[in-house]
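Before anything else, here's the structure in question.
The values are calculated or read from the model by the stated rules, or taken from the named source; none is laboratory data. Note that this is a predicted model, so its numbers are computed, not measured. Cβ: placed from backbone, ideal geometry, glycine included. Neighbour counts: every protein chain shown. Please note that ligands, DNA and RNA were not included when accessible areas were found on the heavy atoms of the full protein model with its side chains. Shrake-Rupley method; radii C 1.70, N 1.55, O 1.52, S 1.80 Å.
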Amino acid sequence: MFRKLSIVAFALTLAAAPLPVLAQGKKDSVVMAMALEPPGLDPTNAAAAAIAEVTLYNIYETLTKINEDGSVAPLLAESWTASPDLKTYTFKLRKGVKFHNGEPFNSAAVKFSFERNAAPTSTNKDKSLFQAIEKIDAPDADTIVITMKYGEPNLPFLLGQASGSIVEPKSAATNVTQPVGTGPYQLGAWAKGSSITLTKWADYRNAAAVKLSKVTIRFISEPAAQTAALLSGDVDAFPRVSAQRAIAQFKAVPRFNVMVGGSRAKTIVGINHRKKPLDDVRVRRAILAAIDRKAIIEGAVDGFGTPIGSFYVPGALGFVDTTGINPYDPEKARKLLAEAGVTTPLELSLKLPPPSYARQGGEIVAAQLAKVGIVARIENVEWAQWLSQVFAPNGPHNFDLTIVSHVEPFDLVKITEPDYYLGYNNETFNALYKQIVSTPDESARAKLLGDAQRMLATDAVSAYLYQPQLITITNKKLKGVWKDVPQYENDFSTWYWE
């Protein structure tokens with residue numbers, strides 16, 4: 001702890017000192033930092049949000065583009081239309097686009113990408129979405145027609161996520177380390193464990209509008225080191241920084257822009273329904289009753305969060321407040337454990353990935369559970385271990401409890417997947433979800449979404465903690481960086497120095 005405070009103190013000294021005078025003219029490069037290093041650079045074959053933070057809209061592009069306010073705009077598709085039942089979408093593709101390796105972008109590439117995502121061997125995080133496609137037609141090089149097995153009102157948004165990136169067929173197999181897309185940047189260098197450098201692609205169709213010629217992305221996981229890197233001027237921007245405790249310091253330094261934005265993320269204590277006695281709803285409800293959401297929000301993210309009661313957040317269509325279904329009540333937790341025939345102490349594993357919200361939150365959760373007779377054995381694991389041991393489809397699902405923030409919006413469909421890591425598998429919920437996406441009327445769909453939220457809360461599928469408020473800190477002269485985060489991305493084509 002002393003060393004951490006020393007780092008911050010030293011950085012504050014540097015921050016107060018005048019910075020070196022830079023050469024005249026606007027800068028055309030930037031150093032950004034992020035907490036986690038991506039495990040690879042193919043967003044269509046792995047779930048880690050860090051992949052999208054580097055690649056989405058930079059190296060790869062999608063048919064549609066998700067804006068800061070959550071609206072959807074054309075990208076590789078110039079326009080689209082939907083049938084009244086929202087089952088068939090026709091996309092008109094942008095002409096004259098090519099991949100980094102010179103191959104043309106066309107309907108064949110889109111068809112290949114989506115069919116690859118749906119293949120039995122696919123590891124795409126949204127595999128279920130692509131498997132819900134009944135057929136894909138490519139009547140000509142500039143048109144793609146997607147017919148869903150059921151109505152999907154959010155398809156244009158969903159296809160703007162990293163999992164919908166369009167890949168070049170010949171290079172797809174090596175995209176993990178040698179990514180090829182249609183975006184404004186290419187991979188310049190990757191110093192594993194340290195940084196990734198992206199360089200502007202001179203042949204991009206709108207290269208003149210892209211102001212940054214080079215972006216260096218550094219990986220800094222430890223909160224004190226994140227703060228020090230910003231204060232010393234080593235980093236120009238840090239979206240989603242873990243600097244809650246230093247936010248007042250940054251606001252006091254004139255050269256920083258401090259933005260606190262909304263998100264669609266959901267931080268939860270995931271519960272493995274495959275493990276006994278966690279398959280008993282009374283035990284899951286006991287876990288929820290033992291957890292004080294407000295204490296976790298204060299202790300893990302210094303108050304930067306809004307309590308939630310289900311896998312859904314304020315601001316989304318049909319949101320209802322379900323926090324009252326499983327309120328903090330330690331005495332009730334003890335009674336529920338007794339009713340379920342559980343002999344305490346009940347020992348459970350609590351696997352925590354690297355982010356500070358998980359590690360700090362895990363300590364608080366373990367302390368709260370201990371008060372009702374549940375001993376949560378904390379196991380800190382690296383991100384790759386968490387993905388393979390806890391989250392991977394058809395994986396070992398070797399955990400009892402875990403803490404993670406699910407950052408994607410419109411991901412209720414995940415709960416319906418039979419191999420999803422939570423192992424809920426409720427046919428009543430699955431039928432309700434199909435009814436939701438098959439309902440074109442928005443007000444009727446909102447009511448059904450409320451029913452889904454109440455079911456997830458009543459069944460105590462997870463211990464739903466909070467919707468994070470995300471902090472982004474930048475040099476005040478750097479423009480184009482988002483405050484709000486409908487999904488994790490960094491669109492460097494919109495960044496520029498003032």
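Within region 307-328, take every residue that is in contact with a Gly (Cβ under 9 Å, 6 or more places away or on another chain) and among the polar types (S, T, N, Q) and give me the one that is most open to solvent (accessible area, probe 1.4 Å).
Taking the candidates together, the pick is 323.
To continue, here is another question. Would you mind telling me which numbered condition in (1) within 24 Å of residue 397 (Cβ to Cβ); (2) part of a strand (DSSP E or B); (3) open to solvent by 10 Å² or more (accessible area, probe 1.4 Å); (4) not β-branched (Val, Ile, Thr) residue 274 fails?
Here residue 274 clears every test but (2).
Taking region 368-392 as the search range and keeping residues that are of a type in the set (Gly, Ala, Ser) and open to solvent by less than 40 Å² (accessible area, probe 1.4 Å), which one is farthest from residue 357 (Cα to Cα)?
By that ranking, first place goes to 373.
Rundown of residues vs (1) assigned to a helix (DSSP H, G or I); (2) hydrophobic (A, V, I, L, M, F, W, C); (3) at pLDDT below 95; (4) within 18 Å of residue 159 (Cα to Cα), yes/no style:
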position	(1), (2), (3), (4)
3	yes, no, yes, no
15	yes, yes, yes, no
20	no, no, yes, no
27	no, no, yes, no
36	no, yes, yes, no
40	no, no, no, no
47	no, yes, yes, yes
62	no, no, no, yes
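So, in region 393-403, exactly how many residues are open to solvent by 60 Å² or more (accessible area, probe 1.4 Å), in contact with a helix residue (DSSP H, G or I) (Cβ under 8 Å, 6 or more places away or on another chain) and among the polar types (S, T, N, Q)?
Looking only at that region, the number is 1.
Quick check: is even one residue across region 90-98 of a type in the set (Val, Ile, Thr), crowded, with 17+ Cβ neighbours inside 10 Å and touching a helix residue (DSSP H, G or I) at 6+ places or on another chain (Cβ under 6 Å)?
No, because not a single residue in region 90-98 is of a type in the set (Val, Ile, Thr), crowded, with 17+ Cβ neighbours inside 10 Å and touching a helix residue (DSSP H, G or I) at 6+ places or on another chain (Cβ under 6 Å).
Can I ask one more? Quick check on my filter: what residues within region 394-423 are within 30 Å of residue 484 (Cβ to Cβ) and of a type outside the set (A, V, I, L, M)?
Residues satisfying the conditions are 402, 405, 406, 408, 409, 410, 411, 414, 416, 417, 420, 421.
Is there any pair linking a residue in region 309-328 that is free of Cβ contacts under 8 Å to residues at least 24 places away in the same chain and within 19 Å of residue 436 (Cα to Cα) to one that is assigned to a loop (DSSP other than H, G, I, E, B) and open to solvent by less than 10 Å² (accessible area, probe 1.4 Å), with Cβ under 9 Å and at least six apart or on different chains, and which?
Partner pairs satisfying both residue conditions: 321/308; 321/309.
Which of the residues that make up region 305-351 are polar (S, T, N, Q) and over 26 Å from the mean Cα position of the chain (by Cα)?
Of everything in region 305-351, those that are polar (S, T, N, Q) and over 26 Å from the mean Cα position of the chain (by Cα) turn out to be 343, 344.
What is the residue count in region 352-367 for residues that are more than 24 Å from residue 489 (Cα to Cα) and open to solvent by 20 Å² or more (accessible area, probe 1.4 Å)?
4
List every residue pair whose Cβ atoms lie under 9 Å apart, where the two residues are 6 or more positions apart in sequence or sit on different chains, the first residue falls within region 77-104 and is under 15 Å from residue 181 (Cα atoms), and the second residue, located anywhere, is part of a loop (DSSP other than H, G, I, E, B) and of a type in the set (Phe, Trp, Tyr).
Correct list of pairs: 94/105; 96/105; 97/105; 98/105; 99/105; 100/201.
Output the strands (runs of 3 or more DSSP E) that fall wholly within region 122-199 and possess 1 or more residues being in contact with an Asp or Glu (Cβ under 9 Å, 6 or more places away or on another chain) and within 21 Å of residue 437 (Cα to Cα), or say none.
133-140, 143-148
When region 412-430 is examined, which residues are found to be modelled with pLDDT under 95 and of a type in the set (Asp, Glu)?
417, 419
Would you call residue 77 under 20 Å from the mean Cα position of the chain (by Cα) and buried (at least 16 other Cβ atoms within 10 Å of the Cβ)?
Here the answer is no, as residue 77 does not meet what is asked.
Give the residues of region 210-230 that are open to solvent by less than 50 Å² (accessible area, probe 1.4 Å) and among the small types (Gly, Ala, Ser), sorted by residue number.
Hits for region 210-230 are 213, 224, 225, 228, 229.
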